[in-house]
Structures are given as structure tokens and as C-alpha cells.
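Worksheet for the structure shown next.
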Amino acid sequence: MNARYLTADVFTDHRFGGNQLAVFPDAREIPPELMPQIAREFNYSETTFVLPPADPSHTARVRIFTPGGELQFAGHPTIGTAHVLATLGTVQLTGGVTPIVFEEGVGPVPVTIRATGGKPEFAQLTAAKVPEAGPPPPSAAELAGVLSLDTNDVLDGVMKPEAVSCGTPFLFVPVRDRAAVGRARLNIDRWERALEGYVTDKVFVFAMEAEHAGHDVRARMFAPGIGVAEDPATGSACVALAGYLAWRDPRADDTLRWIVEQGFEMGRPSILEIEAEKRAGVVTAARVGGRTVVVCDGTMTL
């Protein structure tokens, strides 16, 4: 059989930036046991397989695979798959704003597609789960060693290392400036020792200092445990980052917004727009959005 796929660059407005994604828009005839092998063949951060939804009121079921295995939720595959399906017409656009729902391992994930002239240009997901804090992480000094940084590079006050999850947990490590983000190099031996048995081994290092005007955060994400040495853009991490930052913001009732730069050190600059809703001091929702560009359209012989 021949299975159609499209590739896209996500969280960018131009080809060869952002995070690469392969999408199989009709995976009904692809044997499930082949899905992880196909993901390893592409060797992108993620590959998605679109299936009929269990609930007919939803748009589709989406299975997400990294080269190392299946994920229950991920941001750039969700955003990119929505864009690809809208480009193909599988998702019918209903004007300037089209709401859809994907079924993922974490549960139903609402996505809003914005269009101009009948073409998708931006998609935003709302996390199926509100941000949740994880157990205490290793010390700031230990995490500095994991990242090959000086101990004083890692912040340890109000802004401190913390695990947060909106379905996929990440360990957030704030550092003092953008230069420290750029110097970070994962020490695999120390990474294995420090995070063995911890709730996550995915490390998201960031600084509240961006390169471009109007942006707020510079970030990198390392996840060798799932076959991703470094990720150019991590929507599931950035949506959790919205919760991390909102918890530390004094505003009690507002929609809080930040723009994140990621992937610049890899030569694949990505821009992720994140939001958190706060009501009475509680984070009630978190969102991430961005643009996508379709790159390839082809078939794979199976």
C-alpha cells in the first residue's frame, strides 16, 4: 500500500525554520506496529497519524510518535496537524476562526485555526489539562552540572527549577540570561544520574531575555530519553511554561501572554505564543499557538 504524508515546519512562517513534522492525514490502513518504525524512519521530533475519532463530535484521533516512542500529548504535532488538515480541506474552515477538537492520549485537545482568504495561517491549542507542579527537583547546583553551566547561572529564588505538566511533564530550569541558555550543553552522564527515577527527564532551560524586540523568553529543550537530543520547538513544554510563569505573576485575574524563542541555537528559529488564564489567582487554562508552513507532499510504500 501507499500511504500519503505531508511534512511541515511548525512554529515558523517560512520553510526550513521551526520544528519539522510528518503527518499521515489518513492512517486507517497503516498497521499500528509500523507507526513507531515510520517515526524512526523520518527521525523528526514527532510524526503524527490521523485516525477517525471515537467521539463523532470530535474532528479526529491523532497518535503522536517520537523516534523513541509514543506521546500522550505534544504541542507542535497538534498545531502542525491542524494546519495540514485545514490545508488539505479535511478540516473545513468556517471563516476567520474554526474550532476543532483532536483526541489524543491525554484526552480531547481543543484547537482554534485562524484563516485569511480561506487559508490557514495560525493555530492555537488549549491544553487538555491545566498546569500541574511536580515533585521537588534536583538542586540548582546539580542541574547546573547537568547543563554544563556554572552554579550561579541557574536561578534558585522565586524563579527556580520546577517540574510542570499539562499532560507531558518537563523540568523547567531558569537561568540568568540568554547567554547562559546558549552555553548549555547536556552532560549525558550527569543527566542520567540526576534524573533517574524522577517524574521527567525532559529538561527545558530558559531565560527571561529574548533576542528580538517584542519577545519575552529564550529557551531550549533536551530530551535524549525519547530520541530527541534537542528540540527546535516544544509546544507541550511551552504551554506548561505558561503555567510556571503565571504562578509567579502577581496579577490575579487576567490573560497573561509571552512570546518564546526556541531553536535559534540549532539554526531552526521558532516562535511560540503562549497564554495563561488566571481567575482569582488560579491558573484555569493554558494555550500555545503559532504558524506552520507545509514543505513536502509525498507517499510512503508500506
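Computed from the coordinates by the stated procedures, all read-outs in this text should not be read as laboratory data. Given the structure is predicted, the values throughout are model-derived calculations rather than measurements. Glycine also receives a Cβ, built like all others from the backbone with ideal geometry; neighbour counts cover every protein chain displayed.
For the reader, a short list of remarks on this structure follows.
- Rg over Rh, two decimals, segment 1-65 (C-alpha only, Kirkwood Rh): 1.00
- Under 5 Å from the amide H of A163 lie the amide H atoms of G134, F172, each residue being 5 or more positions distant or on a separate chain, with H modelled from the backbone and absent for Pro and chain starts.
- 5 Å-binned pair-distance histogram of segment 115-176 (Cα, whole percent): 4, 16, 20, 15, 12, 10, 9, 6, 5, 3, 1
- Along principal axes, Cα extents of segment 2-126, largest first, whole Å: 38, 36, 28
- Dipole magnitude of segment 214-278, debye to nearest 20 (Cβ charges: Lys/Arg +1, Asp/Glu -1, about Cα centre): 140
- The chain: radius of gyration over Cα atoms, expressed as a fraction of 2.2 N^0.38 Å: 0.96
- Cα centre as origin, Lys/Arg/Asp/Glu Cβ charges: segment 2-126 dipole, Debye: 220
- Between K119 and D297, the modelled label-to-label distance comes to 1.3 nm, taking each label 7 Å out from Cα in the direction of the beta carbon.
- Charged side chains reduced to their Cβ positions (Lys and Arg at +1, Asp and Glu at -1) give the chain a dipole of some 340 debye around its Cα centre.
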